[in-house]
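If you scroll down you'll find the structure; I have some questions about it.
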Amino acid sequence: MRFALIFCATVFWMTAFGALPQAISEGTSSRPTHGVPGIQQQLDQLAQTAENATSTKAPTTITIPNGTYHFYFDQGIRQTHYISNHDQSNPKSIGIVMENLKNVTLDCQNSLFIFHGKMLPIVMKNCVDCSVKNLRVDFDHPAIAQVEILKNTDDGITIKIANEHQFELENNQLFFHGDGWRYTPGSGIAFDPRKRNLVYNTADLQVNLQNVQPVEERVFFCPNWKDAKLVPGTIVALRPWDRPAPAFFLYQNTNTTLESIKVHYAEGMGLLAQVCDGIHLNGFAVCLRESDQPGVEGSRYFTAQADATHFSGCKGLILSENGLYENMMDDAINVHGTYLKVVKRVDDQTLECRYMHDQSWGFHWGDSGDTVQFIRSKTMEILSESNVIASIEPVDQPTEFGVRVFRIRFEKPVPAEVVESGAFGVENLTWTPEVIFRKNIVRNNRARGALFSTPRKTIVEDNLFDHTSGTAILLCGDCNGWFETGACREVVIRRNQFINSLTSMFQFTNAIISIYPEIPDLGSQKQYFHGGNKDAILIEDNIFETFDKPLVYAKSLDGLTFRNNTVRTNHDFPAFHWNTHAFLFERVQNIQIEHNQFDWNFNPKEDILTK
């Protein structure tokens, strides 16, 4: 006889807890209710239940009625979180916290959550099989300030400030402000007012808002700001460099799903996932907010202050599909781990290792039983065979919360050359993910399209990279600056369309696809950083539409295949790149370039340069 155990799903409608949509009426200064009434209490109650639940706990859905909800800095949940690649400013004010939950779905019914002041909108921590769906996130006064160029002369630039921004003039200097923040920007990004992509060959603008003179309401003459490329009508997003928090922060979760979510603005990244096992993004978007009028575009030209999505020290499968990533200030996706620098050799099996970058420290790095490897920072070469963590403990903190230095004991002796007087890093190979990035649109953003640094299989397929301004796809690796791991061993880039990448020069912009590890002493390198077999990096069946020449750049790579691709040139912009070769290779072996279609007379002797 067979028995079936059936778990019935539970659905909570938040209207039963008094959750009603709120909105600020035009022409009034009334302040709506903070957040979604009852939502945090319900989540906390479920967390208490989940503590004693089995892994087969029946699914629970919390449904929020469609509407607009406002969250305020002074009423947020105060928590401390150390978030990779962000400012470690604490405590943070949080809108909603999902913590210690199992099999819970938060369905927001396409509601709009508007955040006021410096806030971290959504935190998911220590959750298993949980999801959030059907949500839009925005801020009332974004820290990126948008201005329109009205006039540009030899004497200076006249600007008009967009209506949504709060500002003040102090000693003839413009300051923008919101709840808990105030700054004057020193840089900006220029957007074409019609196409909403970055203005050709502008990159990061230098902005000077001193000695400013008022002209009329929201209009100012800026005599210290001069840039001939900014024609009247150009929209400029004035940026601070702060990254206080992402819109979504995921930490130590297992099997997380984010579905049909739109982030219209984030003070840092749209999503930061850290030390998570298995993430599925389906229809996740960091995108411009639509106008209230059907068919009319919204007034903003910018979205996130940094990356749209970012994955630090994760494992399992990262599946990102059907997304839209536009007008953000960095990558659509960045996947990497974090090298710890060796700062002390305690004995032959014990090292003290440190987080190095000021925006990446304070969080879990590894466990007993994790496999690691050692790397020489100057040449980015792997030392001997891998090792295993026997024990790991914080040195400078009582727990790993807020830690910078770990004492790590390994199962086998550490190579004798790994000492504090040298420059060596440690990479955790266990916490590295597989990645599938497919059917996404990446467009009109600053710097890069997608960045991958993982030794496990990475598939980039059926995406549109449209005016990414810098490199469309970057394979990196760095044990000297950001300390972001690591080498790519198997990457497939297929059936993508690339339209007019490389319209500006940023870091790592040597070609549309750049394989560009940071290696201070390439001349002394004996190994290869990326690859390891003839098809390690496989680029096939893609369409490149470009106004310039560089297609692929690679450095320190063993195994590159570029086949069955179609390359079409256009005259949308003047060619300007310093790299005048379709393929540029520095210390690369096992190269195959075959069966491609070029709309010019491709000549390997001229179009391929190998150093």
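The values are calculated or read from the model by the stated rules, or taken from the named source; none is laboratory data. The model shown is predicted, which means the values in this text are computed figures rather than measured ones. Glycine also receives a Cβ, built like all others from the backbone with ideal geometry; neighbour counts cover every protein chain displayed. We work out accessible area using only protein heavy atoms, side chains counted, and drop any ligands, DNA or RNA first. Shrake-Rupley method; radii C 1.70, N 1.55, O 1.52, S 1.80 Å.
With the requirement that a residue be under 15 Å from K151 (Cβ atoms), aliphatic (A, V, I, L, M), outside any strand (DSSP E or B) and within 30 Å of the chain's Cα centre (by Cα), what does the range 196-235 give you?
The one that is under 15 Å from K151 (Cβ atoms), aliphatic (A, V, I, L, M), outside any strand (DSSP E or B) and within 30 Å of the chain's Cα centre (by Cα): L230.
Do you know which residues across the range 542-574 are surrounded by 15 or more Cβ atoms within 10 Å (Cβ to Cβ), of a type in the set (D, E, K, R) and either farther than 23 Å from T458 by Cβ or within 27 Å of the chain's Cα centre (by Cα) (or both)?
Result: E545, D548, K549, K555.
Quick one: K378 ticks every box in (1) farther than 15 Å from T338 by Cα; (2) in a strand (DSSP E or B); (3) at pLDDT 95 or above bar one, so which box is it?
Result: K378 fails condition (2) only.
Within the range 48-62, is there a residue that is modelled with pLDDT of 95 or more, of a type outside the set (V, I, T) and outside any strand (DSSP E or B)?
Checking the range 48-62: not a single residue is modelled with pLDDT of 95 or more, of a type outside the set (V, I, T) and outside any strand (DSSP E or B).
Answer yes or no: is there a residue in the range 25-37 that is at pLDDT below 65, among the aliphatic types (A, V, I, L, M) and within 32 Å of the chain's Cα centre (by Cα).
Looking through the range 25-37, none of the residues is at pLDDT below 65, among the aliphatic types (A, V, I, L, M) and within 32 Å of the chain's Cα centre (by Cα).
Is it the case that the range 389-401 has a residue that's part of a strand (DSSP E or B) and open to solvent by less than 30 Å² (accessible area, probe 1.4 Å)? Lay out the reasoning, then the answer.
To start, the set of residues in the range 389-401 that are part of a strand (DSSP E or B) comprises 389-394.
Checking which are open to solvent by less than 30 Å² (accessible area, probe 1.4 Å) leaves us with 389.
Among the residues of the range 389-401, at least one is part of a strand (DSSP E or B) and open to solvent by less than 30 Å² (accessible area, probe 1.4 Å), which makes the answer yes.
Of the numbered conditions (1) open to solvent by less than 40 Å² (accessible area, probe 1.4 Å); (2) hydrophobic (A, V, I, L, M, F, W, C); (3) in a strand (DSSP E or B); (4) under 22 Å from G481 (Cβ atoms), L281 fails exactly one; give the number of that condition.
(4)
Follow-up question, since we're still on this one. Could you tell me whether the range 584-599 includes any residue that is assigned to a loop (DSSP other than H, G, I, E, B), touching a strand residue (DSSP E or B) at 6+ places or on another chain (Cβ under 8 Å), more than 26 Å from G481 (Cα to Cα) and polar (S, T, N, Q)?
Here is the first cut: in the range 584-599, the residues assigned to a loop (DSSP other than H, G, I, E, B) are 595-596, 599.
Cutting the leftovers down to touching a strand residue (DSSP E or B) at 6+ places or on another chain (Cβ under 8 Å) gives us 595-596, 599.
Filter once more, so that each one left must be more than 26 Å from G481 (Cα to Cα): 595-596, 599.
Remaining after also requiring polar (S, T, N, Q): 596.
There is at least one residue in the range 584-599 that is assigned to a loop (DSSP other than H, G, I, E, B), touching a strand residue (DSSP E or B) at 6+ places or on another chain (Cβ under 8 Å), more than 26 Å from G481 (Cα to Cα) and polar (S, T, N, Q).
Another one. Exactly one of these conditions fails for F598: (1) surrounded by 21 or more Cβ atoms within 10 Å (Cβ to Cβ); (2) out of contact with any Pro (no Cβ under 7 Å at 6 or more places or on another chain). Give me its number.
Failing condition for F598: (1).
Those residues that are over 24 Å from H467 (Cα atoms), in contact with a His (Cβ under 9 Å, 6 or more places away or on another chain) and not aliphatic (A, V, I, L, M), I need them from the range 556-611; list them, please.
S556, D558, G559, E606
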